[in-house]
Amino acid sequence: MRYVDEFRDGILAGELAEHIRQEAVRPLQLMEVCGTHTMAIARCGIRSLLPKSVRLISGPGCPVCVTPQSQIDRFIELGRCPDVVLATFGDMIRVPGTDSNLEAERAGGADVRVVYSPLDAVAIAGENPDKRVVFFGVGFETTAPAVALAILEAQRIGLTNFYVLCAHKLIPPAMTALAGDPEVAIDGFICPGHVSTIIGSAAYEPVAREHGIPCVIAGFEPLDILQAIHMLVRQAVDGRSEVEVQYSRAVSRDGNPAAVECVRTVFETADAEWRGLGTIPGSGLRLRTDFRAFDASRLLPEDSAAPLENEACECGLILKGLKSPSDCGAFGTACTPEHPLGPCMVSSEGACAAEHRYSRPT
Amino acid sequence: MARTRSPERETIRWQIAVSGTVQGVGFRPFVYRLAEKYNLAGWVCNTAAGVLIEAEGREEDLRGFLESVRSEAPALASILAVCAKMVSPAGGAGFIIRGSLDDAEIQPIVPPDVAMCADCLADISAPGNRRYRYPFTNCTNCGPRFTIIRRIPYDRPNTTMHAFRMCPECRAEYENPMDRRFHAQPNACPACGPHLSLDGKSCPDDPEVISKAAALLRDGKTLAVKGLGGYHLACDARNTEALSALRMRKGRSGKPLAMMCADLDEIRRVCEVDPVSEALLLSPERPIVLMPARPNSGISPLVAPGTASLGVMLPYTPLHQLLLAESPPSLVMTSGNLSEEPIAYRDEDALDRLGHVADHILAHNRPIHMACDDSVARVHAGAPMLIRRARGYVPRPIELDVSMPRVLACGGDLKSTFCLTKGNLALLSQHLGDLDNAPTLEHYRQSVDHCCRFFDVQPEVIAHDLHPDYHSTRYAVSVDGCRKVGVQHHHAHIASCMAENRLSGPVIGVAFDGTGCGTDGSIWGGEFLIADYDDFQRAAHLAYVPMPGGEAAIRRPGRMALAYLLHALGPSGENIGVEVVPDLSPAEAYAVRAQMERGLNAPLTSSIGRLFDAVSALLGICTDVTYEGQAAIEMEARALKPTERTYDYHVSKGASGVLEVDVRPMIAGIVEEIRQGTPVETISSTFHSTVADIVARVCRELRDTTGLNRVALSGGVFQNVLLLGMVLKRLNDSGFEVFRHSLVPCNDGGISLGQAVIAARRYAT
Amino acid sequence: MCLAIPMKVVQINGNTAQVEQGGLTRSARIDFLPGVRLGDYVLVHAGIAIEQVRPEEAEETLRLIRAIIDEVR
């Protein structure tokens, strides 16, 4: 594959890793905040290439993982109404709510459809005028433009039966919250690749500047990740805290202004609850009043009370990078991909799913 | 051109389920009016689970409606939960009240009976009104509920009013959402409703019947009067001759009789009424309230002999109101039964049992389905405490902090109640009486069956007292297919107090009563327990003393006095006993001493109740007990006022680390003062003060060893407000956090609640 | 979730393009990439093309990696 294979060269990877080993003279804890990075790091065995002094921790980079249980419950609740069709990305299907999940609901008769694009959900709404189609808006800044476009499309064709239950979240506010959390020690951020194509590298400058943490935006192939780690190590050793772009073939300082504008038209920022991190101000999106007609939360009578989370589930601590999957008492025993207790195991990009798939000793 | 959709014109539909006491309290009319106000389409109906609403309209209107449902409910409603969810829009216009749905999941919330409201009083007093002087007037805000419901949901066909077809005017009221009688299930009027009968002769002219009945009462006759929860026996409270005959026929020589007064002014003439008591008297529950009696009010001394209080209630149905308007202003209105039998409520049964007790019978043709005594309350330190929980309070559930398995707790044997649990609610039955006679036991069994069916609770666990011979225990053990849990009597008392106060975690429990089976086979009753719902540890108790003759010592408190004298003063106690205790013959004294020496039929007891009996007999106040607690009640009445003076006593650590309270010095001190001629009133006060001091001192010692600072008080002895006041003061002064009963009786009527919560915990683990 | 692979634009119809990678062709909205042309490589996520891949930057990145490796240790 063009622009992919070149960045997978194993020999170059090994040599890059050797340079990192030489230059990482003091212990460093680097956090990535992108689920695709989590998977890539696990799949390519990056950790095994790094010296012990460089520790990679997985932060809240999986939007599925940080969706609060109550939101999943609300989406499920909507689906229990017979005239409602639920449309969702595939990785939400088995995420546990308080006492059910979408897969179980579907088995129980709810109309749950997996879509690749929110525009597909708009199409379903157009084809089923007697149904109400609700799309579960889960994702970070990479996905929000697609959802905004879908809502504008629905408005353009005059649909009255298309809704979005908005659970979108924003990465930089979460990074700021983690940087300011005294429990969490971060010496550098591996910043998300595709979120950054949208928001641009400038978005991370406040984190680097105000918290003194180096930030490097990385691509997804082994060479991208290793180069980014190398850049972070060098910044740390030099005592710099800047925003650098490793993934320059896709990320610019300004990002994609057209996509950003589209999101701003339809959404506004709001405080949002992140599973495991609590409420982070300004870290989520909600539909603007002009687009209230498409807001699924209007349909529901009330915000559910905070549901009880499974006591054995330690997803919260894992999302903060305070525990690794193997530290969790339920990992691999009570909690497996076939029988997940929490989102970190269910989502294909969750830290626990990744470790279970790629690193568990057999 | 983009067509925009206006969210303001779109309709959303929600289904809202409301649970709690929401039937028979005007809830559906309230919802109807709200729906009109917020311009919503849909419907409301009763279900077995409560009230179900579907409302459709604009989002802002729906949110306003939901908020109003939550916060503006009618005064008699008490909402436990409101659950709303989205459903498919159905369109349509207009809001209606639908017929009830039968649901699978039955919530046991049925409203209690409610005393006549001011509006209905106005109706029956206004000469032009359709219901002028009609004794069965009621509305959405008052009237019979629990006692007439045969099945839920609460709809007319499911009540004992089903046989009465409403006339066109009543039906119009019933169907008009703006009328006060909208969906008032027992709605009736002279044209279509129940009527009175006197001595079996029914008469459609109710006012005439009432006048005749009132005249009979003025004449000094005794009437059996069919009320709301059963029959009463009524006669003029100032007529000693009538009362003497009544007492003889009823077979109750000593127990105080309840009274009903025409109005608050009359009550103020015969009692001292404080503001909290006044509020209780006027409340929708309208219990009998115990208040200090005023001397020289003309009320016969036979009403409540030997006590300083009177138990009085105001009329709570139009029938009583109209009767009291023409009869003597204070009537004895006591439960229609013989001695300890259950209150009569079925007409033939009443005729049978009361026919020779009463001179006449004033009855009516609205059947009573569930017998229910009047409740009895007392006020202490500005707070009400229920002594008997029945009409007006039952079946309001008690909310607990945890969800329970389905438990049937069978209670004790005296003043018995049972308790059913479902979810986080505990349903205490009404007072059922003493189970030691066959009719009451039968009534108890039937009530258990009825309530289990009514509230759809098939128990998984049955809790019972440890006493093997209690009828309630035997009943529990005889039920098939359920796990049985035996609960110690005093542990149940403390757990009941904790549950009512929603406490968790260990407390110092002070359980003082007359009798309860202990785990060592003795008769306990003066116990300090370190307790939580799982378990208890007996940390201290009154030192054991034999009860010569067992039951006989309860009936003849002089024997108990003698036991204490011998225990305190040795053999010389025998002569002192004969000298001091009236009615104690040398022969009886000798027999008692012999019994004690040989240990024959002289079980050991730590009961505070028996200590009270002993002192009461020593003071010559009471030597024959004809009703439970009589000796102590009469002694309380003789105490002058609180004092700080105390007698001596010892607290020592026995074997196994349990503290024992030795009151021999107190007995010696009392005897000394009797011989010196100290007034009985003074000794009684000092005795009460000493008991209070014992409580505080032992609690402080237990706090030192356990670090616990919370004290729970329970047991029938704490019905004694003089003692209670002294105990509270001393405990509060010592810095304790003190918890006591208020809506659940502190006597054995409350232990079923404690048994239930303990059994639930044991079942879970 | 953020998965987006570089795909080549093979056809453009108004605000939709056909994009191809490894034999697989799919459509993608190009509303956010007004200047995109046939033959360009774009990153497609959830049915939307979110950014163009800049070939000269790709080259530069590889060059930088080799430069680090060749650095005297």
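Nothing in this text is a laboratory measurement; each read-out follows from the coordinates by a stated rule. Everything quoted here is computed from the prediction, not taken from an experiment. Neighbour counts are summed over all protein chains in view; Cβ atoms, including those assigned to glycine, are modelled from backbone coordinates with ideal geometry.
What is the pair-distance distribution P(r) of the stretch B:196-377, computed from all Cα-Cα distances in 5 Å bins starting at 0, with each bin given as a whole percent?
P(r) for the stretch B:196-377, in whole percents per bin: 1, 9, 19, 22, 22, 16, 8, 2, 0.
At a 10 Å Cβ-Cβ cut-off, how would you order B:Phe136, B:Phe418, B:Phe182, fewest neighbours first?
Exposure proxy ranking, most exposed first: B:Phe182, B:Phe136, B:Phe418.
Can you work out ³J(HN,Hα) from phi for every residue in the stretch B:370-381, in order, using Karplus 6.51 cos²θ - 1.76 cosθ + 1.60 and θ = phi - 60°, giving whole Hz and x for Gly and Pro?
Karplus values, whole Hz, x for Gly and Pro: 10, 5, 7, 6, 6, 7, 10, 9, 9, 10, 9, 6.
Provide, as a two-decimal number, the C-alpha radius of gyration of chain A over 2.2 N^0.38 Å, N being how many residues it has. Could the numbers behind the result be given before it?
Numbers: Rg = 20.5 Å, N = 362, 2.2 N^0.38 = 20.6 Å.
Ratio of Cα Rg to 2.2 N^0.38 Å: 0.99.
Just want to confirm a number: the relative contact order over chain B, from Cα pairs under 8 angstrom separated by 6+ residues, in percent. Mind dumping the intermediate values first?
On the way: 1776 pairs, mean separation 84.0, N = 765.
Over chain B, the number comes to 11 percent.
Rounded if a/c is under 1.5, else prolate if a/b is larger than b/c, else oblate: which is the stretch B:10-97, with a ≥ b ≥ c the root eigenvalues of its Cα gyration tensor?
Values: a/c = 1.71, a/b = 1.62, b/c = 1.05.
Note, shape of the stretch B:10-97 comes out prolate.
Around B:Asp374, what is the net charge, scoring Lys/Arg as +1 and Asp/Glu as -1 over all other residues with Cβ under 9 Å from its Cβ?
Details: positive: B:Arg286, B:Arg388, B:Arg391; negative: B:Asp373.
Result for the neighbourhood of B:Asp374: +2.
Less than 14 Å Cβ to Cβ from B:Arg171, Lys/Arg counted +1 and Asp/Glu -1: what total charge do the surrounding residues give? If you can, show how the numbers build up before the last one.
Details: positive: B:Arg130, B:Arg156, B:Arg165, B:Arg181; negative: B:Glu169, B:Glu173, B:Glu175, B:Asp179.
That sum, taken over residues with Cβ under 14 Å, equals 0.
Between the helical axis of A:222-238 and the dominant principal axis of chain A, each derived from Cα atoms, what acute angle in degrees is found, rounded to the nearest 10?
Here the helix axis deviates by roughly 60 degrees.
Ranking request for peptides B:454-464, A:146-156: highest mean number of other beta-carbon atoms within 10 Å first, then the rest in descending order. Mind dumping the intermediate values first?
On the way: B:454-464: 20.9, A:146-156: 23.4.
Descending mean neighbour count gives A:146-156, B:454-464.
Counting Lys +1, Arg +1, Asp -1, Glu -1, what net charge surrounds C:Gln18 among other residues with beta carbon under 15 Å of its beta carbon?
+2
Which ³J(HN,Hα) values in Hz, rounded to whole numbers, follow from the phi angles of the stretch B:411-426 under the Karplus curve 6.51 cos²θ - 1.76 cosθ + 1.60, where θ = phi - 60° and Gly and Pro get x?
The phi angles translate into x, x, 10, 9, 6, 6, 9, 10, 9, 10, 10, 8, x, 9, 10, 10 Hz.
Roughly how compact is the protein assembly as shown, stated as its Cα Rg over 2.2 N^0.38 Å to two decimals? Write down the numbers at each step before the final one.
Values: Rg = 39.9 Å, N = 1200, 2.2 N^0.38 = 32.5 Å.
Compared with the compact-globule rule of thumb, the protein assembly as shown sits at 1.23.
Going by C-beta contacts inside 10 Å, put A:Ile57, C:Ile50, B:Ile16, C:Ile12 in order with the fewest on the left. List each step's numbers first, then the result.
Details: A:Ile57 18, C:Ile50 30, B:Ile16 22, C:Ile12 15.
Ordered from fewest to most neighbouring Cβ atoms within 10 Å, A:Ile57, C:Ile50, B:Ile16, C:Ile12 come out as C:Ile12, A:Ile57, B:Ile16, C:Ile50.
Divide the volume of the convex hull of the Cα atoms of the stretch A:21-104 by its number of residues and quote the answer in cubic angstrom per residue. Present the calculation step by step, with values, prior to reporting the outcome.
Details: hull volume 8.9 nm³, N = 84.
Output value, Cα hull per residue: 106 Å³.
For the stretch C:5-70, what class follows from the C-alpha gyration tensor (a ≥ b ≥ c being the square roots of its eigenvalues): rounded when a/c is under 1.5, otherwise prolate if a/b is larger than b/c, else oblate?
Prolate, since a/c reaches 1.5 and a/b exceeds b/c.
If a/c stays under 1.5 just call it rounded; otherwise compare a/b with b/c (prolate if a/b is bigger, oblate if not). Do that for the stretch B:525-607, with a ≥ b ≥ c from the square roots of the Cα gyration tensor eigenvalues.
Working: a/c = 2.65, a/b = 2.44, b/c = 1.09.
Prolate shape, in that a/c is at least 1.5 and a/b is the bigger ratio.
Which lysines have a Cα less than 30 Å from the Cα of B:Lys85, not counting those fewer than 8 places away in the same chain?
Correct list for B:Lys85: A:Lys131, A:Lys169, B:Lys37, B:Lys422.
Excluding same-chain residues fewer than 8 positions from A:Lys52, which lysines have a Cα within less than 27 Å of its Cα?
Within the straight-line cut-off, A:Lys52 pairs with A:Lys320, A:Lys323.
So which lysines pass the test for B:Lys212, namely a Cα distance under 27 Å, with those fewer than 8 places away in the same chain ruled out?
Candidates past the 8-residue exclusion: B:Lys201, B:Lys221, B:Lys226, B:Lys250.
When B:Phe164, A:Phe140 are ordered from fewest to most other Cβ atoms inside 10 Å of their Cβ, what list results? Write out the running numbers ahead of the final one.
On the way: B:Phe164 19, A:Phe140 27.
Exposure proxy ranking, most exposed first: B:Phe164, A:Phe140.
In whole Å, what are the Cα extents of chain B along the three principal axes, biggest one first?
Principal axes ranked by extent give 106, 70, 48 Å for the Cα atoms.
When Cβ neighbours within 10 Å are restricted to other protein chains, what is their mean count per residue of peptide B:81-90? Walk me through the numbers on the way to the answer.
Details: counts 0, 2, 2, 3, 7, 12, 5, 6, 4, 0.
For this peptide, the per-residue mean of nearby foreign Cβ atoms is 4.
Would you mind telling me the antiparallel percentage of the DSSP bridges in chain B, rounded to 5? Numbers along the way, then the final one.
Working: 82 of 113 bridges.
That works out to approximately 75 percent antiparallel.
Find the Cα radius of gyration of the stretch B:143-211, compare it with 2.2 N^0.38 Å by division, and give the number to two decimals. Each step should come with its number before you reach the end.
On the way: Rg = 13.4 Å, N = 69, 2.2 N^0.38 = 11.0 Å.
After normalising by residue count via 2.2 N^0.38 Å, the value is 1.22.
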